[in-house]
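Notes follow the structure.
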Amino acid sequence: AQSVTQLDSQVPVFEEAPVELRCNYSSSVSVYLFWYVQYPNQGLQLLLKYLSGSTLVKGINGFEAEFNKSQTSFHLRKPSVHISDTAEYFCAVSGASKIIFGSGTRLSIRP
Amino acid sequence: GAVVSQHPSWVICKSGTSVKIECRSLDFQATTMFWYRQFPKQSLMLMATSNEGSKATYEQGVEKDKFLINHASLTLSTLTVTSAHPEDSSFYICSARDGNRGSTGELFFGEGSRLTVL
């Protein structure tokens, strides 16, 4: 079975500052990892995914994440955030059949 | 990218009535669709997995007679909330997996449907 833990329920950060959203997972088999973003009253949009290969994955909107197998982590980072990045971010892990989501991290940007 | 359309976006109904929510994959064949429920400020809770042409697989604790799922074609899945009650009010989100991308493929999400039961 797989599980996902997002350690921070809310992350406030000033505009143009860097941000890291943390995600840890557990699994007994190889998994695929995802980060999704959800804007208010909308569905989810894929930011990036790790399937195999390079552990540093670049996604849309300037986000990137690094897969760390030894620490079972897949933290999301952005060097400089914008007001438009205000949203809920979900880390997810996929096994053979379904995707399990973390509890989400609300990113709030202060001007 | 692939597009999943969900309809209606908003629905208000009276207690005791049934509501149907549609989920369509517009430019790919979705052999598998998933239905999630999201409570305010919470994560997505998987309700059921819907495979085209077969019965849906429900997660533990989800009433299959309450939440009817039909996946009659490769591009359409429906969720019917039967005899809705105020506690069924929630944000329902569908997602679809592109059959050509296999099990490693990402999920494509609909825009969500907000159900309010009066």
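The values are calculated or read from the model by the stated rules, or taken from the named source; none is laboratory data. On a predicted model such as this, the values are computed, not experimentally measured, just so you know. In this analysis, Cβ positions are derived from the backbone assuming ideal geometry, glycine residues included, and neighbour counts consider all displayed protein chains.
The listed residues are A:E15, A:E20, A:E64, and the only one of them that is in contact with a Pro (Cβ under 7 Å, 6 or more places away or on another chain) and acidic (D, E) turns out to be A:E15.
Here A:S54, A:S103 are screened, and the one residue that is within 8 Å of chain B (Cβ to nearest Cβ) and modelled with pLDDT under 95 is A:S103.
From the residues in the stretch B:17-41 that are assigned to a loop (DSSP other than H, G, I, E, B) and either polar (S, T, N, Q) or in contact with a strand residue (DSSP E or B) (Cβ under 9 Å, 6 or more places away or on another chain) (or both), which one is surrounded by the most Cβ atoms within 10 Å (Cβ to Cβ)? Step through it out loud before you land on a result.
Taking the stretch B:17-41 and keeping what is assigned to a loop (DSSP other than H, G, I, E, B), we get B:17-18, B:26-29, B:39-41.
Then keep just the ones that are either polar (S, T, N, Q) or in contact with a strand residue (DSSP E or B) (Cβ under 9 Å, 6 or more places away or on another chain) (or both); that gives B:17-18, B:26, B:28-29, B:39-41.
Details: B:T17: 12, B:S18: 11, B:L26: 12, B:F28: 20, B:Q29: 13, B:F39: 11, B:P40: 6, B:K41: 11.
Filtering first and then ranking leaves B:F28.
When A:S52, A:S94 are screened for being touching a helix residue (DSSP H, G or I) at 6+ places or on another chain (Cβ under 8 Å), under 22 Å from A:S28 (Cβ atoms) and not aromatic (F, W, Y), only A:S94 passes.
Just one of the listed residues (B:V62, B:V11, B:V81) is of a type in the set (V, I, T) and surrounded by 20 or more Cβ atoms within 10 Å (Cβ to Cβ), and it is B:V81. Candidates are the residues of the stretch B:95-107 that are facing chain A (nearest Cβ under 8 Å) and crowded, with 19+ Cβ neighbours inside 10 Å; the one that is modelled with the lowest pLDDT is B:E106.
Among the residues of the stretch B:55-89, those that are in contact (Cβ under 8 Å) with a residue 24 or more places away in the chain, within 27 Å of B:P40 (Cβ to Cβ) and under 12 Å from the mean Cα position of the chain (by Cα) comprise B:F67, B:I69, B:S77, B:T78, B:L79, B:T80, B:V81. Here A:F34 passes the criteria (1) modelled with pLDDT of 95 or more; (2) out of contact with any Ser or Thr (no Cβ under 6 Å at 6 or more places or on another chain); (3) surrounded by 20 or more Cβ atoms within 10 Å (Cβ to Cβ) except the one numbered (1). Just so you know, in the stretch A:16-31 the residues that are modelled with pLDDT under 95 and either assigned to a loop (DSSP other than H, G, I, E, B) or buried (at least 19 other Cβ atoms within 10 Å of the Cβ) (or both) include one that is farthest from the other protein chains (Cβ to nearest Cβ), and it is A:S28.
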